[in-house]
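Chemist: Mind having a look at this structure? Questions to follow.
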Amino acid sequence: MRSFQVCVCGEPLRLAEQSTPEPAGTQVLLKVLAAGVCHSDLHLSDGYFDLGGGKRMSLADRGMKLPVTLGHENVGEVVAVGKEARGVKLGARMLAHPWIGCGECAVCKRGDENLCTAMRSLGVFTPGGYSDYLMVPHPRYLFDIGDLPPERVAPLACSGVTTYGALKKASATLKTEPLVIIGAGGLGLMCLALHKAMGGHSAIVVDIDPVKREAAKKAGAHTVVDGGAPDAAAQIIAATKGGAWAVIDLVGSSATARLGVDSLIKGGKYIIVGLYGGDLTLSLPPMPMRALTVQGSYVGSLPEMGELMELVRRTGLPPVPVATKRLEEVNAVLDDLRAGKVIGRVVLTPA
Ligand SMILES: [Zn+2]
Ligand SMILES: [Zn+2]
């Protein structure tokens, strides 16, 4: 099988040709039909996250071992199963939940595998879907997609479940108050679509790029705000009639974090999802006096993935623009993503 791997951090992915693995025990082998290209793949190929103030968090220190085959948004067809893999049929087309924990610890047992301290995420710590084949450790991570188009379903595994997990953290005011979404890239448009599917009140979308603001407007944003405007926070406070009850920051830079926190109403919640990088200094007395919440949200749990699939079956696939490319084009796609040239999602189709 052909796989595209990070071999040296900061360099283009390299093609590796290896023999296709055979599933053992509970493992399930998928032939990859669709593999979404996610912004975090840029960080994974760079090998670090920017912590602000010139500091970096190395992914090697967090357990990433090279070479690693990237790709964590995958749909594939079941082509082989281990002897103990129950409940999956050959030929079924499945979405693979990639946020896999150790499966043994108390955190995993309560369903929060995405918060396990010994994660085995596909395409991060174990081989992912930028490949002809993908091995999944257990059928419980697979969701039958029926006859839905694989390239439209694949982004649900990261972009979808990540925004769904963040939206759930805003559920107290989701249906009654405007929600602020910072970032109108692939994640932003997904968030906007799921917000609508979940019965969200209205969305105010913030982006520094006029093309992306226009895309958000077309996708149903009630108001769009230029995040680079000097009065951006004042504009959000005016649009929310006093400040936001919930801000979901899909960028996660020093500037967007500042804007997000400054736009909150008393009792408001700033939910940070994006991994762009940077830092944030907060004065402490306003935190209790304004009863503010700052909450991180990392991908989504396995039960949330199941809920999201239910939502999609009920309300239809999120209408996020998807472009397909051949597996061999992965490095060019990553370059486009880095240059900010991608609207919506690019999905590789190895098969
Ligand atoms: Zn991702
Ligand atoms: Zn665990």
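The values are calculated or read from the model by the stated rules, or taken from the named source; none is laboratory data. What you see is a predicted model; the values in this text were computed from it and never measured. So basically every Cβ, Gly included, is an ideal-geometry build from the backbone, and we count neighbours across all protein chains shown. Each accessible area value is taken on the protein alone, full model and side chains, heavy atoms only, with ligands, DNA and RNA left out. Shrake-Rupley method; radii C 1.70, N 1.55, O 1.52, S 1.80 Å.
Chemist: Can you find even one residue in the stretch 139-161 that is within 16 Å of ligand 2 (Cβ to nearest atom) and touching a residue at least 24 places away in the same chain (Cβ under 8 Å)?
Modeler: Yes, that holds for at least one residue.
Chemist: Let me ask something else about it. Which strands (runs of 3 or more DSSP E) sit wholly inside the stretch 220-310 and have at least 3 residues that are crowded, with 22+ Cβ neighbours inside 10 Å and not acidic (Asp, Glu)?
Modeler: Correct list: 244-249, 264-272.
Each row is one residue, and each column tells you yes or no for (1) touching a residue at least 12 places away in the same chain (Cβ under 8 Å); (2) under 23 Å from ARG2 (Cβ atoms); (3) more than 16 Å from ligand 1 (Cβ to nearest atom).
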position: LEU42; (1), (2), (3): yes, yes, no
position: PHE49; (1), (2), (3): yes, no, no
position: LYS55; (1), (2), (3): no, no, yes
position: VAL68; (1), (2), (3): yes, yes, no
position: ASN74; (1), (2), (3): yes, yes, no
position: PRO98; (1), (2), (3): yes, yes, no
position: GLY128; (1), (2), (3): yes, yes, no
position: SER131; (1), (2), (3): yes, yes, yes
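Matching residues to (1) in a helix (DSSP H, G or I); (2) exposed (fewer than 15 other Cβ atoms within 10 Å of the Cβ); (3) away from ligand 1 (no atom under 16 Å from the Cβ):
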| site | (1), (2), (3) |
| --- | --- |
| LEU33 | no, no, yes |
| GLY36 | no, no, no |
| LYS89 | no, yes, yes |
| LEU95 | no, no, no |
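Chemist: Going by what's in this entry, would GLY63 be described as open to solvent by 60 Å² or more (accessible area, probe 1.4 Å) and out of contact with any helix residue (DSSP H, G or I) (no Cβ under 9 Å at 6 or more places or on another chain)?
Modeler: no
Chemist: Name the one entry in LEU275, LEU250 that is among the aliphatic types (A, V, I, L, M) and at pLDDT below 95.
Modeler: LEU275
Chemist: Would you call ASP46 crowded, with 21+ Cβ neighbours inside 10 Å, within 23 Å of SER254 (Cβ to Cβ) and of a type in the set (Asp, Glu)?
Modeler: When the stated conditions are applied, ASP46 does not pass them.
Chemist: Quick check on the stretch 320-342. Is at least one of its residues in a loop (DSSP other than H, G, I, E, B), open to solvent by less than 60 Å² (accessible area, probe 1.4 Å) and at pLDDT 95 or above?
Modeler: no
Chemist: Only residues that are among the hydroxyl-bearing types (Ser, Thr, Tyr), assigned to a loop (DSSP other than H, G, I, E, B) and open to solvent by less than 10 Å² (accessible area, probe 1.4 Å): list them for the stretch 97-132, please.
Modeler: Correct list: SER121, TYR130.
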